[in-house]
Amino acid sequence: MTSEILKQLQTNDPKLTEISNYDFEFSVGSFKKLAGYLPQAKYLETLDLFGVVKGNFEASLTKILLALINNKSVLDLNLGLTSFIRNNETFAALVELITNTKYLEYLHLPECSFETKQLTQLFQALKVNTSLKHIGLNGVSLSSIDESSFLDLIRKNRTLTSFSLGKTHLGHTQLTNVLQVFREQLQVQSLDLTETELTNNHTIIIADLIKESNTFEELAIEGVAVSKNIQLILDAIESSVSFQYLKAALVKINKKQLDQVIRITQNSPNVLGIYLSYPSSCTEKGAQLIKLFKENVIKSKVILLDFATLLESGVGADFEIEGRRCHRSLLEARTATTAEKLVESVKKLKSTKKQIDSLFNWIYKSQIADMGYLSRLLQGELKIPNFFEKTLVKDLKMLMGDHKTKDFVIKVPYLDDENEDEEEEEGEVEYDEILVHSVVLFARSGLFRDWLLNTNEKEYQIKDFSKKTVETLQIFFNFLYCEKLILTADDDPQLVVEEIEDCSDYYQTTNSKILQSEIIKIKKIFSLN
């Protein structure tokens with residue numbers, strides 16, 4: 001696969017738009033060739049090096065960063081988990097790239113390690129950059145930064161409008177100052193504060209930003225303890241003229257606030273979705289919230305948060321670990337082992353309830369709360385290589401190819417030009433079948449989620465009435481796993497694009513924003529209108 005990808009890159013194959021460690025084996029040799037081909041690449045848009053740059057690869061990364069300076073196609077670069085500490089040559093190449101690139105738009109540095117002085121240099125380079133729209137610093141410690149250099153970056157760079165600042169350990173005063181500058185400038189469009197401690201003052205500033213800005217579109221406060229102040233944010237969203245997405249998974253809300261969320265999604269034309277966790281059903285109040293979710297999730301744009309929802313609702317659970325119900329297929333995709341072996345290891349380590357919770361939080365939410373325990377459980381005992389370098393999407397790509405565990409059958413009636421609009425007797429209809437995992441349908445499709453929440457059937461089988469070709473539907477359901485539209489040589493790109501756009505609305509996809517981005521890429525590659 002690696003040699004094929006390098007050949008595609010060398011020959012400028014328009015179908016090669018992304019390279020990642022999912023299907024590309026990084027080595028000193030492949031890194032060298034990659035760096036050599038990058039300056040002339042015309043169609044490669046995404047280069048995902050998350051977790052691969054270690055040891056001997058550091059020198060190779062330097063060459064890749066320098067090669068990207070003159071590359072005109074790569075828009076999205078991920079260097080997650082790279083350590084720049086005592087790696088001055090590679091860091092200098094990163095600064096040179098940021099300072100001189102005219103084309104790179106998205107730079108992701110999650111969980112990267114920097115020296116304090118390097119962060120100051122990084123901010124200075126970002127300040128003069130003219131192409132970047134997004135900088136991702138989730139998991140990068142900013143507690144000891146030169147605050148003035150970061151604030152100056154926000155004030156001076158007018159093209160950088162999206163910031164990921166989750167788990168950066170900014171102090172209360174530091175975060176207050178940062179948020180205040182965002183409010184003063186009113187240019188930020190997207191702000192990620194996942195797992196960041198927010199005080200009442202922080203929430204007030206964020207609410208004012210939402211109300212006063214004509215461009216602010218997206219806020220992520222997943223895992224943030226703002227239950228008492230979430231009302232301020234909801235009130236601001238209700239009056240905003242630009243706001244589109246609120247990601248508030250694991251933020252507890254009451255019935256009054258849920259009523260308001262539903263009202264917002266029904267009455268505010270600019271709001272595209274509000275992501276919430278599925279409420280617990282262990283209390284009468286929780287049961288009332290669940291009833292509201294079931295009644296309104298399809299009618300409005302309230303979106304139950306993907307796989308976090310799945311954990312809390314328990315729908316489709318078919319396995320158990322120490323009394324916790326879970327989903328075997330997702331469990332095995334995320335841990336690269338069998339569910340039975342995982343149970344054995346959990347028991348051998350005499351795992352506490354808190355430790356088991358940390359395991360489930362990783363599997364369903366990609367949150368690492370107890371790294372020591374997870375390392376012993378999944379690396380020490382089971383010898384799982386590179387466990388912490390996995391992402392949910394990469395694991396789901398692997399799950400997509402596991403046909404043995406697919407438990408949901410979608411029956412697609414055979415259509416042809418002569419009879420596709422005619423009603424036929426049940427016995428005369430011929431069907432193609434598409435196999436999918438119910439856990440993925442539950443997480444990614446509002447239509448299927450509603451069906452799964454309300455069905456009593458033990459075997460999942462449903463007829464498709466979208467009137468789309470089985471080829472297009474297979475592409476669409478594959479997208480629900482890997483968030484990529486993968487076409488073959490036999491597919492008609494124009495037909496696929498037209499039908500996929502309809503599928504997004506029909507199946508109520510929770511990741512429609514990514515789907516629209518993929519459609520734009522297909523149109524660009526095949527020069528479609």
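The values are calculated or read from the model by the stated rules, or taken from the named source; none is laboratory data. This is a predicted model, so every value here is computed, not measured. Here the Cβ positions follow ideal geometry from the backbone for every residue, glycine too, while neighbour counts run over all protein chains shown. For accessibility, only protein heavy atoms count, side chains too; no ligands or nucleic acids. Shrake-Rupley method; radii C 1.70, N 1.55, O 1.52, S 1.80 Å.
Tabulated values for the structure
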| item | result |
| --- | --- |
| For region 424-523: accessible area per residue (Å², 1.4 Å) | 48 Å² |
| Ratio of the Cα radius of gyration of region 106-215 to 2.2 N^0.38 Å, where N counts its residues | 0.98 |
| With eigenvalues of the C-alpha gyration tensor scaled by 5 and rooted, region 442-510, Å | 24, 12, 11 |
| Counted charge near ASN129, where neighbours are those whose Cβ lies closer than 13 Å (Asp, Glu -1; Lys, Arg +1) | +3 |
| DSSP-loop trypsin sites (Lys or Arg not before Pro) across region 323-357, with at most 16 other Cβ within 10 angstrom | LYS350 |
| Cα-Cα P(r), region 177-234, percent of pairs per 5 Å interval | 4, 20, 34, 28, 13, 2 |
| When each of LYS32/LYS133; LYS7/LYS32; LYS32/LYS523; LYS42/LYS63 is checked by Cα-Cα distance, pairs over 25 Å | LYS32/LYS133; LYS32/LYS523 |
| Linear extension gain, VAL343 paired with ILE486, 0.36 nm per residue minus alpha-carbon span | 47.9 nm |
| Distant-in-sequence amide H partners of LYS247 (H built 1.01 Å from N, under 5 Å) | LEU219, ALA220, ILE221, TYR275 |
| Long-range amide H partners of TYR431 with built H, under 5 Å | TYR414 |
| Inter-part distance where region 427-450 and region 468-529 are each reduced to a Cα centre, Å | 17 Å |
| Region 3-112 - percent of accessible surface contributed by carbon and sulfur, probe 1.4 Å | 47 percent |
| Spatial separation of Cα centroids for region 58-97 and region 168-225, in angstrom | 29 Å |
| Selection of trypsin sites (Lys or Arg not before Pro), region 168-238, meeting DSSP coil and at most 15 other Cβ within 10 Å | LYS228 |
| By accessible area with a 1.4 Å probe, ligands and nucleic acids excluded, highest first: order of TRP362, TRP451 | TRP451, TRP362 |
